[in-house]
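Notes follow the structure.
The values are calculated or read from the model by the stated rules, or taken from the named source; none is laboratory data. These figures come from a predicted structure and were not determined experimentally. Because the Cβ atoms are built from the backbone with ideal geometry, glycine has one as well, and the counts that use them run over all protein chains shown.
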Amino acid sequence: MAKIIEQARIISQERISGQILRLRLHSPEISGAARCGQFVMVRLREGTDPLLRRPFSFSRIYPEDGEFEILYRVVGRGTWLMSQLLPGSSVSLVGPLGNGFELPIEKTAALAFIAGGIGIAPLLELIAQVISDRGAKGLENLRLFYGARTAAELLPEDFTRAIGIRVHFATDDGSFGFHGRITQMVEELTAEEDLLLRRPHEVYSCGPLAMQYHVARWAISNDVLAQLSMESLMACGIGACLGCALPAQTPGEPQSERFVHVCEDGPIFSAGSIKWNKILVQQMPPPTWVFN
Amino acid sequence: MEQNPGSADASPDLGVQLGPLRLKNPVMSASGTFGYGEEYSSFLDLRRLGAVVVKGISLTPRAGNPPPRLVETPAGMLNAIGLENVGVERFLSIKLPFLRDLGVPVIVNIFGNTIEEYGELAARLEGAPGIAAIEINVSCPNVKKGGMVFGTDPAMTSKVVEAVRRATVLPVITKLTPNVTSISEIAKAARGAGSDLISCINTVAAMAVDIFSRRPRLANIFGGLSGPAVKPVALRCVYEVVRAVDCPVIGIGGIMSATDALEFLLIGACAVQVGTANFINPASTVEIIEGIERFLKVEGITDINSYIGSLDTGCLFPFADDSCAVIESEIL
Ligand SMILES: Cc1cc2nc3c(=O)[nH]c(=O)nc-3n(C[C@H](O)[C@H](O)[C@H](O)COP(=O)(O)OP(=O)(O)OC[C@H]3O[C@@H](n4cnc5c(N)ncnc54)[C@H](O)[C@@H]3O)c2cc1C
Ligand SMILES: Cc1cc2nc3c(=O)[nH]c(=O)nc-3n(C[C@H](O)[C@H](O)[C@H](O)COP(=O)(O)O)c2cc1C
Ligand code: FES
């Protein structure tokens with residue numbers, strides 16, 4: 001569907017825990033066209049502070065109600081303003097944007113969902129769609145691996161239980177679940193025979209850049225398909241400013257210097273399409289006077 | 001000022017003559033903020049724009065700068081995109097046909113690493129159907145002169161404009177950088193070398209840092225500031241340039257609303273370009289056109305050209321009459 005500007009009405013806003021909130025919006029056109037993994041650009045306020053729209057994934061989509069949800073974490077000015085939105089007020093949206101996840105074609109495939117922190121947001125809708133595709137049976141080989149820095153940053157238990165598939169928790173500090181990196185947990189657990197996940201058919205992940213890097217490495221070395229939801233700072237969200245670039249891998253041309261744009265080519269990328277070493281080991285070039 | 005309160009209902013004439021270029025209204029998109037036009041086609045009817053100025057084009061494709069390329073700053077943003085673009089060949093074969101078929105005037109923004117490259121680009125665009133004008137971005141480093149930015153030196157600016165002028169019969173616009181001591185000197189040089197029009201401003205050289213990571217916020221360290229924060233700088237630059245050259249000037253910088261656009265027209269810009277606003281409201285350009293039209297109607301102005309440059313800088317002393325003299329004599 002064509003991208004549009006739509007004025008959305010706030011249906012509800014609730015604090016899930018700590019700095020994580022959930023916003024439900026009435027936006028019939030965008031909700032009707034949205035696919036999981038896509039996002040909207042939200043104008044949190046008229047005026048110049050903040051100036052730019054902020055990108056948020058669809059965490060749940062209810063096309064028949066003309067509504068969708070955003071699950072978000074307050075990290076700065078824009079998300080703080082978002083947390084102050086009251087039911088009945090309205091915000092301007094641009095969407096639906098980006099490519100979205102591709103759902104698995106095979107209805108019985110073992111799938112691993114990997115979420116770091118608020119990266120769980122786009123996976124919630126994806127998991128809901130996979131569950132409704134499969135019906136009650138065949139959920140055993142769906143697993144959510146969900147990690148955060150510390151227990152307090154995880155969503156509460158009743159929330160994660162309601163997702164409907166088995167969840168394996170990890171925290172960096174060991175305060176809950178597996179102690180260590182989420183990808184270490186994935187490696188250890190998928191090595192276990194009884195998990196039916198010895199070799200997941202496909203991995204879907206969203207989370208901090210460092211986590212995504214480890215997921216990509218794990219997926220590539222285990223020859224598992226991965227769909228990663230990537231982030232970048234964005235100005236337009238529609239492919240016009242070219243600001244949301246990530247270094248791209250061109251098959252057969254390791255030396256080629258090329259960028260993908262998260263808002264247009266993504267936000268969902270395969271593990272092999274990003275030139276990871278050019279992100280994490282970023283050399284600061286000498287300043288030039290080439291802007292724009 | 002031409003005023004005709006009697007016919008306030010009639011649509012005012014928004015047409016402007018920019019030297020050799022006739023536009024149906026004075027509102028265009030600014031280069032680099034509107035992609036190649038198509039990106040905005042689902043938000044507005046592109047045919048309503050005075051013109052579409054496309055992303056800067058070079059002879060060969062350019063990958064651009066490493067990320068992060070953007071950062072938001074108070075009432076503005078910095079960008080260091082690095083002039084990423086598809087190159088002139090792909091522009092002509094893939095991007096231009098869409099706009100040409102719509103019939104919207106297309107202004108092609110060009111840049112090069114050398115004076116010769118500017119000339120070659122203009123020659124390559126010459127004769128391609130559907131191009132209304134060429135806009136020269138002189139805010140680029142001259143690789144043969146140690147990276148000195150063309151547009152910061154009158155002599156280099158004039159060489160670039162000459163090279164383009166020789167290569168094309170299309171109207172030529174020179175787009176100036178504000179990062180100079182005297183923008184009117186550069187404007188005169190560009191005009192003297194045969195530029196039909198001047199547009200300004202490009203982004204303002206700027207930087208942002210993060211005190212926690214102790215790193216610059218942009219991989220390129222420096223970036224170009226745009227958005228509402230630059231509007232007062234842009235107004236001052238346009239005001240100076242309008243008075244320095246004898247050709248029409250296009251005002252750019254921080255235009256978010258019809259009011260902002262009218263401010264530039266008031267000080268003598270014959271047209272405007274809208275940049276950063278497109279990111280925040282993709283329908284900005286059309287809303288600005290509608291706002292200008294409403295303003296002219298309310299003010300009873302039938303022809304926009306009678307508003308352009310009508311700024312009154314004369315001194316007003318409303319109380320300097322005889323009664324003042326009486327008060328004065330009583331006090332003294
Ligand atoms: C495609 C996409 C989908 C997203 N979906 C969600 C979502 O569903 N839920 C959610 O909570 N967040 C999501 N984000 C991140 C969200 O856009 C940022 O948290 C938000 O823009 C921060 O705005 P702010 O004004 O509160 O923070 P700012 O004051 O702008 O910044 C505060 C801090 O947040 C960081 N930050 C700012 N923008 C981003 C960004 N785009 N990505 C990562 N870090 C950022 C800054 O570096 C800074 O450290 C998504 C981002 C993208 C690109
Ligand atoms: C992301 C971005 C990319 C730009 N790219 C170009 C470009 O390729 N060529 C050019 O001449 N100007 C470019 N500009 C400058 C704008 O055309 C304009 O001069 C400037 O942003 C000021 O206007 P504004 O405040 O309305 O954005 C760019 C600006 C931005 C924000
Ligand atoms: S955010 Fe502007 S191109 Fe992606």
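For region B:104-124, what are the residues that are part of a helix (DSSP H, G or I) and surrounded by 22 or more Cβ atoms within 10 Å (Cβ to Cβ)? Those that are part of a helix (DSSP H, G or I) and surrounded by 22 or more Cβ atoms within 10 Å (Cβ to Cβ): B:TYR118, B:LEU121, B:ALA122.
Here's the yes/no breakdown for (1) under 17 Å from B:PHE34 (Cα atoms); (2) buried (at least 20 other Cβ atoms within 10 Å of the Cβ); (3) within 13 Å of ligand 2 (Cβ to nearest atom); (4) aliphatic (A, V, I, L, M):
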| site | (1), (2), (3), (4) |
| --- | --- |
| B:ILE198 | no, yes, yes, yes |
| B:PHE212 | no, no, no, no |
| B:ARG215 | no, no, no, no |
| B:SER226 | yes, yes, yes, no |
| B:VAL242 | no, yes, no, yes |
| B:VAL249 | no, yes, no, yes |
| B:ALA261 | no, yes, yes, yes |
| B:LEU265 | no, yes, no, yes |
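Name the one entry in B:LEU59, B:LEU23 that is buried (at least 16 other Cβ atoms within 10 Å of the Cβ), more than 13 Å from chain A (Cβ to nearest Cβ), within 22 Å of A:PHE259 (Cβ to Cβ) and in contact (Cβ under 8 Å) with a residue 60 or more places away in the chain. Only one candidate qualifies: B:LEU59. Report yes if some residue within region B:189-207 is within 16 Å of ligand 3 (Cβ to nearest atom) and more than 26 Å from B:PRO129 (Cα to Cα); otherwise report no. Yes, some residue in region B:189-207 is within 16 Å of ligand 3 (Cβ to nearest atom) and more than 26 Å from B:PRO129 (Cα to Cα). Scanning region B:61-93 for residues that are modelled with pLDDT of 95 or more, among the polar types (S, T, N, Q) and not in a strand (DSSP E or B) returns a single hit, B:SER93.
Only one residue in A:SER27, A:SER59 is in contact with a Pro (Cβ under 9 Å, 6 or more places away or on another chain) and either more than 18 Å from B:PHE279 (Cα to Cα) or away from ligand 2 (no atom under 16 Å from the Cβ) (or both), so which one is that?
On the way: A:SER27 fails: in contact with a Pro (Cβ under 9 Å, 6 or more places away or on another chain).
On inspection, the qualifying residue turns out to be A:SER59.
Looking at B:GLU89, B:GLU162, just one residue is closer than 19 Å to B:GLY35 by Cα and either within 16 Å of ligand 1 (Cβ to nearest atom) or not hydrophobic (A, V, I, L, M, F, W, C) (or both), and that residue is B:GLU89. In region A:257-279, which residues are modelled with pLDDT of 95 or more, farther than 22 Å from A:ASN222 by Cα, away from ligand 2 (no atom under 16 Å from the Cβ) and not in a helix (DSSP H, G or I)? The answer is A:VAL260, A:PRO267. Restricting attention to region A:144-169, the residues being farther than 21 Å from A:ILE61 by Cα and in contact with a Lys or Arg (Cβ under 7 Å, 6 or more places away or on another chain) number 2.
From the set of residues in region A:197-242 that are within 16 Å of ligand 2 (Cβ to nearest atom) and aliphatic (A, V, I, L, M), which is farthest from the other protein chains (Cβ to nearest Cβ)?
Step one: of region A:197-242, the residues within 16 Å of ligand 2 (Cβ to nearest atom) are A:232-242.
Filter again for aliphatic (A, V, I, L, M), leaving A:233-235, A:238, A:240, A:242.
Working: A:LEU233: 5, A:MET234: 7, A:ALA235: 5, A:ILE238: 5, A:ALA240: 4, A:LEU242: 5 Å.
The qualifying residue farthest from the other protein chains (Cβ to nearest Cβ) is A:MET234.
Contact map, region A:157-168: residues that are assigned to a strand (DSSP E or B) paired with residues that are surrounded by 14 or more Cβ atoms within 10 Å (Cβ to Cβ) and of a type in the set (Lys, Arg), Cβ distance under 6 Å, separation 6+ or inter-chain. Pairs shown: A:ARG166/A:ARG143.
Within region A:232-255, track down each residue that is more than 7 Å from ligand 3 (Cβ to nearest atom) and either touching a residue at least 60 places away in the same chain (Cβ under 8 Å) or in contact with a Lys or Arg (Cβ under 7 Å, 6 or more places away or on another chain) (or both). Matches in region A:232-255: A:ALA245, A:PRO247, A:ALA248, A:GLN249, A:THR250.
Out of the residues in region A:231-256 meeting the condition of being surrounded by 22 or more Cβ atoms within 10 Å (Cβ to Cβ) and over 18 Å from A:VAL42 (Cα atoms), tell me which one is farthest from ligand 1 (Cβ to nearest atom). Ranking the candidates gives A:LEU242 first.
Of the residues contained in region B:163-177, none is found to be within 14 Å of chain A (Cβ to nearest Cβ) and either in a helix (DSSP H, G or I) or at positive phi (or both).
In region B:148-159, which residue that is away from every other protein chain (no Cβ under 14 Å) and closer than 21 Å to B:VAL204 by Cα is surrounded by the most Cβ atoms within 10 Å (Cβ to Cβ)? The selected residue is B:THR157. For beta carbons closer than 7 Å, sequence separation of 6+ or different chains, a first residue in region B:129-140 that is within 14 Å of chain A (Cβ to nearest Cβ) and away from ligand 3 (no atom under 16 Å from the Cβ) and a second that is part of a strand (DSSP E or B) and at pLDDT below 95, the qualifying pairs are B:SER139/B:VAL149; B:CYS140/B:VAL149.
With the condition kept exactly as written, say whether any residue in region B:94-110 is of a type in the set (Val, Ile, Thr), over 21 Å from B:GLU126 (Cβ atoms) and within 14 Å of another protein chain (Cβ to nearest Cβ).
The initial filter retains those residues of region B:94-110 that are of a type in the set (Val, Ile, Thr), namely B:94, B:104, B:106-108, B:110.
Narrowing further to those that are over 21 Å from B:GLU126 (Cβ atoms): none.
There is no residue in region B:94-110 that is of a type in the set (Val, Ile, Thr), over 21 Å from B:GLU126 (Cβ atoms) and within 14 Å of another protein chain (Cβ to nearest Cβ).
On the given criteria, is B:ILE252 away from chain A (no Cβ under 14 Å) and within 19 Å of the chain's Cα centre (by Cα)? Taking the combined requirement at face value, the residue does not satisfy it.
The residues listed here are B:GLU72, B:GLU38; of these, the one that is farther than 21 Å from B:LEU99 by Cβ and either surrounded by fewer than 23 Cβ atoms within 10 Å (Cβ to Cβ) or within 9 Å of chain A (Cβ to nearest Cβ) (or both) is B:GLU72. Screening the candidates A:ALA152, A:ALA148, A:ALA115 for the property of being touching a residue at least 60 places away in the same chain (Cβ under 8 Å) and buried (at least 17 other Cβ atoms within 10 Å of the Cβ) yields one hit, A:ALA115. Scanning region B:62-69 turns up no residue that is among the polar types (S, T, N, Q) and more than 9 Å from every other protein chain (Cβ to nearest Cβ). Quick check: is even one residue across region A:97-114 within 19 Å of A:SER27 (Cα to Cα), more than 14 Å from chain B (Cβ to nearest Cβ) and within 16 Å of ligand 3 (Cβ to nearest atom)? Yes, there is a match, as at least one residue in region A:97-114 is within 19 Å of A:SER27 (Cα to Cα), more than 14 Å from chain B (Cβ to nearest Cβ) and within 16 Å of ligand 3 (Cβ to nearest atom).
Whether a residue is within 10 Å of chain B (Cβ to nearest Cβ) and within 16 Å of ligand 2 (Cβ to nearest atom) was assessed, and A:ARG77 does not pass this test. Among the residues of region A:243-256, the ones that are within 16 Å of ligand 2 (Cβ to nearest atom) and not in a loop (DSSP other than H, G, I, E, B) come to 1 in all. In the set (1) at pLDDT 95 or above; (2) out of contact with any Gly (no Cβ under 9 Å at 6 or more places or on another chain); (3) over 20 Å from A:LEU228 (Cβ atoms); (4) within 13 Å of ligand 1 (Cβ to nearest atom), A:VAL94 fails one condition alone, (2).
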